[in-house]
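Notes follow the structure.
The values are calculated or read from the model by the stated rules, or taken from the named source; none is laboratory data. Fair warning: this is a prediction, and the values are worked out from it, not measured in the lab. No Cβ is skipped: glycine too gets one built from the backbone with ideal geometry, and neighbour counts run over all protein chains shown. Quick note on the areas: whole protein, heavy atoms, side chains included, nothing else; ligands and nucleic acids left out. Shrake-Rupley method; radii C 1.70, N 1.55, O 1.52, S 1.80 Å.
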Amino acid sequence: MDPDLSRQIDLKIDRVNALSIISGYYLVIGGGKIGSKFVEYAEDHGLPFVLVIDIDCKAPASKLGKVFEDRKDLADILDSLNTDTYLRASSPPEENRTVQNTEIYFFCMDSKDIPSLLGYGIPEYIIPAVPSHAAVDIIADFVNLDMDADLIREVSMDKADRDRLDVFQSIVSEFPENIVAGTFPEHGAIFLSYARPGELCPDNCRGQENYCYNFKGEKPKTITSYAREIKQGRPGWVFESRQMGPGIGGIQGRDLKDNLISFMKYVNQLECLPLDADLENRLPFIATTCNCHGILNLLQIGDIS
């Protein structure tokens with residue numbers, strides 16, 4: 001890796017280290033059905049501050065709160081957030097939470113601009129409500145920000161990519177067959193689930209550990225546990241989607257901060273390796289999981305030919 005590139009990443013690590021986690025701030029990525037459902041949940045439970053972003057300026061959630069028309073207005077209110085005003089951190093939202101009025105805001109923006117949004121502080125929770133893998137997008141967009149070329153890319157491959165396919169299949173083989181719901185090597189993606197074909201989880205499911213009461217099935221381990229086990233032998237980062245309410249999950253901001261710093265440190269550790277060496281090390285995975293479901297994507301570090 002170029003020394004200048006390594007210094008750029010070091011500066012980003014320092015930047016993320018300096019960011020505070022703003023208690024009581026919930027960032028919802030996507031203002032459609034799921035994002036709107038979270039807004040209703042937030043109001044019912046008195047969550048302090050919710051910001052919904054969506055590239056569609058007329059997304060349904062835009063009708064549920066105050067709309068920011070100007071980026072400066074958004075910056076001003078994010079700058080004003082502090083732990084004295086929104087101090088309610090470190091526990092699930094439904095526990096030990098003082099009920100108060102909920103401030104709901106909507107801003108029309110591309111989710112690729114989330115790295116700049118994080119510059120004002122990291123939310124207590126990030127609620128992905130988009131069809132893409134939000135954790136992958138945030139990591140890639142943050143690392144690639146202000147770079148001349150993309151250092152991090154999502155893996156895509158065809159049948160001729162034998163080496164990459166071997167890495168992909170070796171990851172698949174580490175999961176029990178009964179939880180592998182789908183494999184898509186062309187996108188470097190693995191879907192994991194205890195739900196079998198034809199089984200549709202109800203909206204009010206709480207996703208208990210150990211046993212599925214909806215479909216009467218044993219769950220020896222959570223999907224999160226399986227994902228964390230396989231990262232013991234290969235580079236991988238797991239984001240746990242924590243149950244916030246029936247059918248609603250969120251990633252803790254402290255997990256995002258820790259994983260982002262750890263991932264960037266790992267990228268810098270590859271500086272001494274030639275691009276054609278240790279392919280598996282240059283194809284780390286990012287997984288977002290809960291007790292019952294998960295998605296895992298391979299990422300590519302550097303231009304591997």
Mean-square fluctuation maximum in Gaussian network of the chain, Cα pairs under 10 Å, restricted to E199, E209, E174, hits E199
With a ≥ b ≥ c from the Cα gyration tensor eigenvalues, square-rooted, and the rule rounded for a/c under 1.5, otherwise prolate when a/b > b/c and oblate otherwise, the chain is oblate
Counting only protein heavy atoms with a 1.4 Å probe and every protein chain in place, the carbon and sulfur fraction of the accessible surface of the chain in whole percent equals 49
Charge dipole of region 132-304 built from unit charges on the beta carbon (Lys, Arg +1; Asp, Glu -1), centred at mean Cα; most positive-end Cα among F239, L283, S262 is F239
If R0 = 22 Å, then V180 and I55, at their Cβ-Cβ distance, give a FRET efficiency to the nearest 0.05 of 0.10
Karplus-derived 3J(HN,Hα) from phi for region 253-269 (6.51 cos²θ - 1.76 cosθ + 1.60, θ = phi - 60°), whole Hz, x at Gly and Pro, runs x, 5, 5, 4, 4, 4, 5, 5, 5, 4, 5, 5, 5, 5, 4, 5, 5
Percent antiparallel among DSSP beta bridges confined to the chain, rounded to 5, stands at 50
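Using only the Cα atoms of region 148-305, construct the convex hull and provide its projected area averaged over every direction, in square nanometres to one decimal.
About 10.4 nm², averaged over all directions.
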Percent relative contact order for the chain, counting Cα pairs under 8 Å at least six residues apart, stands at 21
For C205, other-chain or 5+-apart residues with amide H closer than 5 Å (H placed, Pro excluded) are G247
Probe 1.4 Å, heavy atoms of protein chains only: per residue, the accessible area of the chain in Å² is 48
So, with points 7 Å from each Cα along the Cβ direction, the D110-K63 label distance in nm works out to 2.8
In the structure shown, of K112/K216; K112/K231; K112/K221; K33/K221; K63/K219, the pairs separated by more than 32 angstrom at the C-alpha atoms are K112/K216; K112/K221; K63/K219
Probe 1.4 Å, all chains present, heavy atoms only: F175 accessible area in Å², nearest 10, is 10
SASA check, K63, accessible area w/ 1.4 Å probe, all protein chains in place, rounded to nearest 10 Å², comes out at 150
